[in-house]
1. Select from segment 713-722 the residues that are more than 22 Å from Arg671 (Cβ to Cβ) and either buried (at least 17 other Cβ atoms within 10 Å of the Cβ) or among the polar types (S, T, N, Q) (or both) and list them in ascending order.
2. Just to be sure before I move on: is Arg175 modelled with pLDDT of 90 or more and either more than 28 Å from Ser238 (Cα to Cα) or open to solvent by less than 60 Å² (accessible area, probe 1.4 Å) (or both) in the structure I sent?
3. Modelled with pLDDT of 80 or more, open to solvent by 50 Å² or more (accessible area, probe 1.4 Å) and either among the hydrophobic types (A, V, I, L, M, F, W, C) or farther than 19 Å from Leu161 by Cα (or both): is that true of Lys200 in this structure?
4. The conditions are (1) open to solvent by 10 Å² or more (accessible area, probe 1.4 Å); (2) over 20 Å from Pro573 (Cβ atoms); (3) touching a Leu at 6+ places or on another chain (Cβ under 8 Å), and Ser618 fails exactly one of them. Which is it?
5. Could you please find all residues in segment 642-679 being among the hydroxyl-bearing types (Ser, Thr, Tyr), crowded, with 22+ Cβ neighbours inside 10 Å and either part of a helix (DSSP H, G or I) or in contact with a Leu (Cβ under 8 Å, 6 or more places away or on another chain) (or both)?
6. Quick one: which helices (runs of 4 or more DSSP H) sit completely within segment 808-872 and have at least 3 residues that are modelled with pLDDT of 90 or more?
7. Quick check on segment 257-296: of everything there that is within 60 Å of the chain's Cα centre (by Cα) and among the charged types (D, E, K, R), which residue is farthest from Leu314 (Cα to Cα)?
8. Would you mind stating whether Leu628 is open to solvent by 40 Å² or more (accessible area, probe 1.4 Å) and closer than 24 Å to Gly583 by Cα?
Amino acid sequence: MAKETMITIALVPVSELVSQTVISLFDTIHASKEVIFQKENFQIFSRFLERTSIILRELPLQNIYNPESLKNALEILHREVKVANKLAMDCTKRNKVYLLVNCRKIAKQLDRSTKEISRALSLIPLALLDVSSAIKDQLSNLCENMLDTEFRAAVVEEEILAKIELGIQERNGARSYANDLLFLIAKTLGISTEQGQLKKEFEDFRCEIEDVNLRKELAESLQMEQIIALLEKADATSSAEEKEKKYLEKRNSMGGQPLAPLARFRCPITQNIMVDPVETSSGQTFERSAIEKCFAEGNTLCPITMLPLDTSVLRPNKTLRQSIEEWKERNTIITIASMKPKLLSSEEEEVLQTLDKLQSLCMERELHREWVIMEDYVPVLIGLLSEKNQEIRKHALVILSMLAADSEANKEKITKVDNALESIVRSLARKVGESELALHLLLELSRSSAARDCMGNVQGCILLSVTMLSSDDDHAARDAEELLENLAFLNQNVKQMARANYFKPMLQLLSSGGEEVRMVMAETLAEIELTDHNKLSIVKDGALPPLVQMLSHGDIDMKKVAVRALLNLSNLPENGQQMIKEGAVGPLFELLYRHSLAEPKLREQVAATIMHLSESTSTQEVNHEQVLLLESDEDILKLFSLVSLTGPDIQPSILKTFYALCQSPSGSDVRMKLRQLSVVQVLVQLCEAATHRVRANAVNLFYCLTKDGDHSTFQEHVGQRCIETLLRIIETSNDVEEIASALGIVSNLPKNLEMTQCLVDAGAVPKICACLTDGNIDASYRRQVVENAVGALYHFTVPTNQEWQKTVAEAGIIPVLVHLLTSGTSLTRQKAAIALKQLSESSNVLSRPVRKNGILQCCFSKPEIGCPAHLGICEVESSFCLLEAKALDPLVRMVGETDLGACEASLDALLTLIDEDKPQNGSRVLDNANAIAPIIRLLNSNSVVLQRKCLKTLERIFQLDELKKKYGSSAQMSLVDIAQQKASDIRDMKSLAAKILAQLGLLGNQSSFF
C-alpha cells in the first residue's frame, strides 16, 4: 500500500503535490485544534503546521531545474502530515481514559512527527528555488524551533500514571485508593463525577482492550487489564450488587476452613509470614527488613547457602508476595464469614472477643470492611446496640463508624436498617465514652443525604447533639457542631436546634437565606421561649440587622413576622437600646401610624415592642451617651395622640411607653412636655375607663406627672369627680400598683383648703387609713402603697384644721404612724414623722388642763397627772400627744439616722415639744428621752438645714442652767466651728452659734460674732 502511494505521488506534478500537502496540513491543523486531551501540545503542533503551510504557499514552483529533490522532500512531508493527522483524529475520537493511560506514547508520537516534518522541510532545495532571503530565514527558524521543541505529558497526567503504576505494583486493593484515582482521572479529563457517567466512561475504556487484542499488542493488553482490575474496585465502576455477586462466588468457591501457610511463605530468618519478600543475589527469598538487618550487622553471607551476597541486589519477589496476599485474603474471607453467628451468642465474653477480632480486621484494610458489608453484618451490629453490656455497644459503634466512613452506599445501608438511627441516638444519651462514639457515627451518617433526611425526626437526636456542644472533649464538641451543620439543611431541623438553644444555623439563615427561609427563621425566633441569656446572645450574634431590614420590606407578612420576633427579644434593656441604635424605631413607628383597622394585631404588637424600647431607655446611666426613643416635641405629641385615636388593645402600651420615658434620665423634660400638652386632661378621663389595663396605666402615668412641676396644672383638671374616681380605685381595685399610684396622685395634689375639702367630702380619710391597716396588700407594692398613703394624710394632719386632724386620730392612725417610724422604709419613716409633727403642733392647744381636786375629792380620788411636755391631760385621739403615742423613742432613734430626710423630719417632730415661750418642760422631756446628745451631734452634719434647726433647738434647751451644765461642753467645739466659718450664706447661723456660746458663758454679749 505504501509502495502504491509512493508511485502515485511520484507521478503527481510538483505544484499539485504542494497543493495536496497544504490541504493535508489544513486538515491536520483543524483536527489538532479539536483535540481536548493534551490540548496545549496539539496547539503548539498546529502552530508549527500553520507556519509550514505559509512557507509552502510562498515557494516559486516554475522553472525548477531539479524537481526530484523537491518531490522527495514533499513526499516525506506529506507522509508525516498524514501520520500526524491520524494521531489527532485518534485523540479526538478515542476513549479519554485510554488516551490518558497512553499520554506518554501520544507525546512521544507527537514529538516524532514534529522532528520528521522538520527533517522533511530541511530537505527542500532552497538553492534551486528562486526564493527570497526572508522565506529562507523563516524556514530555517521553523526547522530549528521544531527540533528544539520537546513534547511531554502534563504534570497531572504523569501523577496519575505514577498512581496507576503504584497501585498495580503494590496490589493496592483499597476501594478508597481506586475511588480517589478515578475521581482524579475524571477531574483531569473534565468528566462528570456522577456515577452513571463515570461507569459509562469506564465501560468504554474496557472496550478499548478489544481493539488492542485485535492488534495483538500483548504488553499493552496486559497493562490495560491491570488498570481495569485496579479501577473496577471504585464504587462508580460497578454496582454494589455486581460486587457482592462477585464476592460471594469467590467466597463460595473457597470451602469453609482456613488453609495453613505454605513453608515458602515464611521468612527463613524470622519464621514469620513475609510481608515484603525480596530475592537476594543467591536466588533465596527473605523478608526485606530481616535481610537488611543482617546486612546492617555486617553479615553478607546467604543465611541458607552461606554464599557471599551482593548487598546492593534485593529484588521484590512479586509472585510470592501475590501468593501470600491471596492466601491471606482467602483466610480472612473465611474468618469474616464464620464470625457472624458468634455475635448472636448469649455469652457476653464470646461476643466481646468476636467484636474485638472483627474490629481489628476492619482496621487492617478497607477491603476487609467491604467483605463485612457483603456478609451483611450491619443489621447484627445495629442489634448489638440494644445489649446491656456497654463494651459490646461501644465495639459495635466503632465498627459501624468505620463502615460508614468508607462510602455513601454503606451509610445508606446502615440508615435503612430498622430502628438504626433510634438505637444510635439511645447510645448518644448514655455515658460519656459511648455517647462520643455514637456522636461520631451520627456525624459520619449525616454526610449522606439518606441519613440527613430522617435524622432530625429521631426523638432526642438534635437535643442531645446540642448538649454535646458543651462537652469537655474538644473533639466531641467539634463533631457535634459539624453534625448540626450537616443537619441544618432542613428548616425543620434548624427550628429544633433553636428550641434546644442552639441558634447559630437559625441566625445564619435569617441573615443570608432567601425570603421564604428568612420568614421561617423569623417565625421560629418569634415563637420559641427564650431565657434572658439567650435573648442577649441572639442579639449579640447579629439577629437585629436582618429583622430591621424585614420591617421595611414591601410584603406585609414579612413585616408581621419581623415585629413578632423583635417583640420576643425587646423586653431586655440591653436589647431594646441596641434596637434603637440599629434603626428599628423609624420602621416601627411607620407601622404604628400607617396600619390602622386593616392590621389591628400588628399595631398591637408594634405598640408593645415600642413599649419595651421605651422601658430600655429608663435603665440608662446618666453619665453615658443617651439613647432616645422620641427626639422632638412633635414625636411626643404624635405618639400620645394615638391614646385618643386607638382602642384598649393599644392604649396600655402607649401609656406604658410614656411612663417608662418619664423614668429615663431625660424623664424630667418628658414630664414637662407632657404637662405642657395638657396630657393630664386625657389621663383624668382615662381614670374612668372600663378596661382595667387602660385605667391602671393611665393612673400610673398620671401619678408620675404629679411628682414634680406646677400643681396648678392638676387643680385645673382634678375636681370632685376625679377625686371620687381615684378613691374608688383605692377602695375597690385588685391591682396594688394601681392603688399605690392613685394614693400617690392624692398625696401630690395641692395642699389647700379647697382640695382637702373635696377629699373630706368624698370620704377620703377612712379609705386612705384602710390602706395603712390592710395586712393583705401584695408585698411587692406594699411599700409604695404605705408611703403614698402616709403622704396623702398630710392633707388632714395640717394644724390649721384640728377637725380634720381629729378625723385622722379617731381613725386610729396615730399608732400606725408611730409603728411606721420603726418598720417603714426611710421615705415612709420621714413621711410618718412629718404627719406626727403636724399633729403634735396642735397638742398644746388641745391638751386639757389638769383639774384641781376639792377637799373631799382629795380624800377619795387619785389626782390627775398632767403631761410633762404640755402640762395638761393628753390623749392620743384628742390631743395627738407624742408622749402618749409613745413616739418619742423612735423619733429620737431617727435623729441619728444617716438618711437626712428622715433625720430632719424626726427633729422637726421633736421640736414641737419645746414651747418657744416656755421651753423648760419640753427640754426636760427631751433630756429624759436622751434626745439632746444626738441633736448636738447633728451640728457636725453636712446639711446646713439640719445645722440651723439644731442651733435653734439648742438655743431653747440651753435656757435651762441644768442642761447647759450637762451638755454645754459637748456642744462647745461644734458651736465654735460654726461660729468661725467664713461662708457669707450662713451668717445667721454664725450669729446663732455665737449667741449659744454666750449662753454657755464662752463669749461676751458684746462679741463681734453678734
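1. Of everything in segment 713-722, just one residue is more than 22 Å from Arg671 (Cβ to Cβ) and either buried (at least 17 other Cβ atoms within 10 Å of the Cβ) or among the polar types (S, T, N, Q) (or both), namely Gln720.
2. Answer is no for this residue.
3. Working: modelled with pLDDT of 80 or more: yes; open to solvent by 50 Å² or more (accessible area, probe 1.4 Å): yes; either among the hydrophobic types (A, V, I, L, M, F, W, C) or farther than 19 Å from Leu161 by Cα (or both): yes.
When the stated conditions are applied, Lys200 passes them.
4. Among (1) open to solvent by 10 Å² or more (accessible area, probe 1.4 Å); (2) over 20 Å from Pro573 (Cβ atoms); (3) touching a Leu at 6+ places or on another chain (Cβ under 8 Å), the lone unmet condition for Ser618 is (2).
5. Ser653, Thr657, Tyr659
6. The qualifying helices (runs of 4 or more DSSP H) are 813-823, 826-840.
7. So the residue we want is Lys293.
8. yes
The values are calculated or read from the model by the stated rules, or taken from the named source; none is laboratory data. Since the structure is predicted, the reported quantities are computational estimates derived from the model, not experimental observations. Every residue, glycine among them, receives a Cβ derived from its backbone with ideal geometry; neighbour counts consider all protein chains shown. Surface accessibility is based on the protein's heavy atoms, side chains included, excluding ligands, DNA and RNA. Shrake-Rupley method; radii C 1.70, N 1.55, O 1.52, S 1.80 Å.
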